[in-house]
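*Asks:* This is the structure I want to talk about, given as structure tokens.
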Amino acid sequence: MELSETESALKEIEKSGDEVFKIIGQLMIKTEKAKIKEELSNKKKILELRIKTMEKQEMNFMKQLDILREDIVGKEKNPQNKNLK
């Protein structure tokens, strides 16, 4: 969601004129178009990196879950092997 908002803001900046405003708290401050574009681009890169990291973590958790599931199913099928580990 935050990534799509950042991408949308970048698109709007491209359409806008030279006057760009940034909201900080309760203030709206005029800022340079290039500066805000750079800030949003950096934010987008960070968000994309976070998403990739979370996807990798999710894949690792799913692999671990599959291993545990197989172990549990195997022990249910062979109850005499419970005490081996």
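*Asks:* Once you charge only the Cβ atoms, +1 for Lys and Arg and -1 for Asp and Glu, what is the size of the charge dipole of the chain about its Cα centre, to the nearest 20 debye?
*Replies:* For this selection, approximately 420 debye.
*Asks:* Which value results when the Cα radius of gyration for the chain is divided by 2.2 N^0.38 Å?
*Replies:* 2.05
All of the numbers you see were taken from the coordinates with simple rules; none came from a lab. What you are looking at is a predicted structure, and each value in this text was computed from that prediction instead of being measured. Glycine also receives a Cβ, built like all others from the backbone with ideal geometry; neighbour counts cover every protein chain displayed.
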